[in-house]
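Report on the structure given below.
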């Protein structure tokens, strides 16, 4: 155990997978933890200090499945392999940690979801600023940026970090990422500069852009961490991208959650904006779509270039070109991740087959794209596809078998004819069958045993099998190899010599094949840059074709942009909600310099939140370059989108609902600009009536007069509707509803002006509040409405002198109202038996019943 303990001491915070034969074993605390997390057996091996040593293990050929589960749980694993030869080793076989698997450094297909990346992020903080380095190891994309500390959580949400590295004491709050602390020397600026310039082969980093001190510290720590984890050079990391947050429309973490871009409020992946839009045919496209949705652009030139591409793919309105592209893109592989694994030396044969099939399919893509010359962006992508490295295709066609084994260790990966030495060794193996048949016939004739068999298995090698019935006929040169219940197995000098020759050929063939496979990977590494560009082009084509298909299928239009503060949306719709309901009511939105704040009133469940979210989603989609769900949309460019919709207790931080609500509002008030879109829903609910009303009034005024942003402000404080008369730029609108026999019907239509009432009791009835409670509430409401007005002091409902309420009947004894005749008629209908004419006549009859009985119950 001395060797294991020495290796474990180097990786105290990681599980150590210690290779022993066909298993990876874990010991001590690692074994107990793995047994608990993986639900595997916990056993004992030997003794230490008088105590049995806990042990657990997983088969090496199934290790990836267990690694995937551990990584998903946020664990890191050190993979320790045998590097010495057991046959020649004196004492324990030498072992070394060959690689480290962490949530942010995984590249294997089995450990990564197809549709999203697993970014690794490093943070360096100083004086309220944070330098961030971000690496997606599977693709080699390496980028740095600097943000205010107050924006850190929003940036981690935008990046969708999987693992975060930082110094002790600077840990961000944990969300969906794992946090690892590193010693301070990992963030040394001089060491970072030395490591990065050496890796990129440059004198300094100025050619990449303005890299700040904090960016450099974060990048150096991240790069060192990944090199340690992989234990090798990282050739596919060939560029450092310096990003500026002003390039995107800023969405804070609250806004991303409220808009349900890629995850619902309950944490599931559907139904979301991304799940509805995603008809991408390739994993690269799915990941790029998520990236675009989390990085809406501010560069109108790029936005319009994407729109032009979508418009041309739509063609005459039927999406003909988009459909053709999508049919072809179905056959493309995940080139991006395959290239990453080629660079790291971990590519499997199926990665190379996927790359070969993708390259073979490029001419079909050319044939479609060469006719789409009106779009500058499509022309650029066509150019990238046309200039792919032909040498790569030639190499893969000649070197890799048409249907190779999944793993190189199984052989059968290198194509016949690629290497003469390998072909010769394989011919020796292939001659085994003919040799065994000939030997079997020869020995049957020589011994007179008609049932004699010459066979092979992996455990015992080659053998001659003779049943006990013919034991007396066994020649003297037969050497017993194995005794069975009904037969004996033998070996002859001739068979033994052939066995040695055949097995040696098999071992040499596999060794030769592994050598040739590594040579193929080494040759492919010369084309990493070109292959990465090809992968990005295919991914972008996939997303543009997806946007075009969705534009046709979901009835989307191209938004227009102007330079002014303006948002004119006609017939806007919420894409996701629209798919969940039978009939969705579109609504308009008009915001401009003289109408910057819409004060939205109306009942709960009337559609206020949906209306606000749909407006924000239309703006977000427009800034990704997508078409939008509306009849027409004209937008001014935005810099930020904020939402304050709904709130709950933050129990982990000890913050009440009201404190969470005020914190979100404070962030908006400090950061919103005239180019921002702000959604505020029912601010001030978590405190007393007058406190809440006063805060809501002041916040609305500040947003309008100080921030001067475009704002949708929903409220149940009807006193705020007076703002329209008091302050320029406010407009009252409401979501309409009507009441029929104490029941509310939501029309979901946006109308100008304030709502006449809130319909709170009617909504409570819909929620199933018992009738006695509703009657008491109605009585109290009547008394309150008869008061002369609100008093200056806060009105405590339960400290007043109230007359006793009349006794009410128990709910189960209340008489049910007579149903409306139209309801009775409808209940008796059998729609499947109605002819079209009979259905029309029935409809007229129902209308007549309603008109004749307007006051009936039910």
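The values are calculated or read from the model by the stated rules, or taken from the named source; none is laboratory data. Note that this is a predicted model, so its numbers are computed, not measured. Glycine also receives a Cβ, built like all others from the backbone with ideal geometry; neighbour counts cover every protein chain displayed.
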Residues being modelled with pLDDT of 85 or more and surrounded by 15 or more Cβ atoms within 10 Å (Cβ to Cβ) - total across the range 751-774: 3
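Results for (1) over 30 Å from residue 625 (Cα atoms); (2) outside any helix (DSSP H, G or I); (3) touching a residue at least 24 places away in the same chain (Cβ under 8 Å), shown as yes or no for each residue.
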position	(1), (2), (3)
456	yes, yes, yes
480	yes, yes, no
490	yes, yes, yes
514	yes, no, yes
520	yes, no, yes
537	no, no, yes
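Residue by residue, here is whether (1) within 26 Å of the chain's Cα centre (by Cα); (2) within 20 Å of residue 314 (Cα to Cα) holds:
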position	(1), (2)
560	no, yes
564	no, no
593	no, no
601	no, no
619	yes, no
630	no, yes
Any hit, the range 133-149, residues being in contact (Cβ under 8 Å) with a residue 12 or more places away in the chain, farther than 30 Å from residue 671 by Cα, part of a loop (DSSP other than H, G, I, E, B) and in contact with a strand residue (DSSP E or B) (Cβ under 9 Å, 6 or more places away or on another chain): yes
Some residue of the range 122-135 being in the same structural domain as residue 226 (by the TED database), buried (at least 17 other Cβ atoms within 10 Å of the Cβ) and either under 15 Å from the mean Cα position of the chain (by Cα) or at pLDDT below 90 (or both): no
Residue that is in contact with a strand residue (DSSP E or B) (Cβ under 8 Å, 6 or more places away or on another chain), under 21 Å from residue 146 (Cβ atoms) and part of a helix (DSSP H, G or I), where the choices are 193, 222, 165: 222
Flag for residue 485 being free of Cβ contacts under 8 Å to residues at least 12 places away in the same chain and not in a strand (DSSP E or B): yes
Residue 278 vs. criteria within 16 Å of the chain's Cα centre (by Cα), in the same structural domain as residue 356 (by the TED database) and buried (at least 22 other Cβ atoms within 10 Å of the Cβ): no
Within the range 413-430, tally of residues that are in a loop (DSSP other than H, G, I, E, B) and in contact (Cβ under 8 Å) with a residue 60 or more places away in the chain: 3
Total residues in the range 657-706, condition over 29 Å from residue 636 (Cα atoms) and in contact with a strand residue (DSSP E or B) (Cβ under 6 Å, 6 or more places away or on another chain): 1
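On the given criteria, is residue 118 assigned by the TED database to the domain that holds residue 212, touching a residue at least 40 places away in the same chain (Cβ under 8 Å) and outside any strand (DSSP E or B)?
The answer is yes for residue 118.
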Meets criteria (over 15 Å from residue 242 (Cβ atoms), buried (at least 22 other Cβ atoms within 10 Å of the Cβ) and either touching a helix residue (DSSP H, G or I) at 6+ places or on another chain (Cβ under 6 Å) or at pLDDT below 95 (or both)) for residue 138: yes
Sole exception among (1) assigned to a loop (DSSP other than H, G, I, E, B); (2) touching a strand residue (DSSP E or B) at 6+ places or on another chain (Cβ under 6 Å); (3) buried (at least 16 other Cβ atoms within 10 Å of the Cβ) for residue 255, by number: (1)
Residues within the range 73-93 that are free of Cβ contacts under 8 Å to residues at least 60 places away in the same chain and either under 26 Å from residue 224 (Cβ atoms) or not assigned by the TED database to the domain that holds residue 57 (or both), tallied: 2
Long-range neighbours under 6 Å by Cβ, at least six apart or interchain, first residue in the same structural domain as residue 606 (by the TED database) and more than 29 Å from residue 721 (Cα to Cα) within the range 756-774, second at pLDDT 80 or above and assigned to a loop (DSSP other than H, G, I, E, B): none
Selection within the range 288-332 - in contact with a strand residue (DSSP E or B) (Cβ under 8 Å, 6 or more places away or on another chain), part of a helix (DSSP H, G or I) and buried (at least 19 other Cβ atoms within 10 Å of the Cβ): 294, 303
Any hit, the range 731-741, residues being surrounded by 14 or more Cβ atoms within 10 Å (Cβ to Cβ) and free of Cβ contacts under 8 Å to residues at least 40 places away in the same chain: no
Filter result (closer than 24 Å to residue 104 by Cα and either surrounded by 20 or more Cβ atoms within 10 Å (Cβ to Cβ) or touching a residue at least 12 places away in the same chain (Cβ under 8 Å) (or both)) within the range 187-207: 187, 188, 189, 191, 192, 193, 195, 196, 199, 200
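Of the residues that sit in the range 411-433 and are out of contact with any helix residue (DSSP H, G or I) (no Cβ under 9 Å at 6 or more places or on another chain) and farther than 14 Å from residue 501 by Cβ, which one is surrounded by the fewest Cβ atoms within 10 Å (Cβ to Cβ)?
Here is the first cut: in the range 411-433, the residues out of contact with any helix residue (DSSP H, G or I) (no Cβ under 9 Å at 6 or more places or on another chain) are 420, 423, 430, 433.
In the following step, the residues that additionally are farther than 14 Å from residue 501 by Cβ were identified as 420, 423, 433.
On the way: 420: 8, 423: 16, 433: 10.
Among those residues, the one meeting the criterion is 420.
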Any hit, the range 102-110, residues being free of Cβ contacts under 8 Å to residues at least 60 places away in the same chain, closer than 30 Å to residue 270 by Cβ and outside any strand (DSSP E or B): yes
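I'd like the full set of residues that are outside any helix (DSSP H, G or I) and under 14 Å from residue 354 (Cα atoms), limited to the range 377-412.
Answer for the range 377-412, where residues must be outside any helix (DSSP H, G or I) and under 14 Å from residue 354 (Cα atoms): 400, 401, 402, 403, 404, 405, 406.
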Within the range 602-705, helices (runs of 4 or more DSSP H) holding 3 or more residues that are surrounded by fewer than 17 Cβ atoms within 10 Å (Cβ to Cβ): 657-671, 689-702
Boolean, residue 501 is farther than 24 Å from residue 621 by Cα, at pLDDT 95 or above and assigned by the TED database to the domain that holds residue 424: no
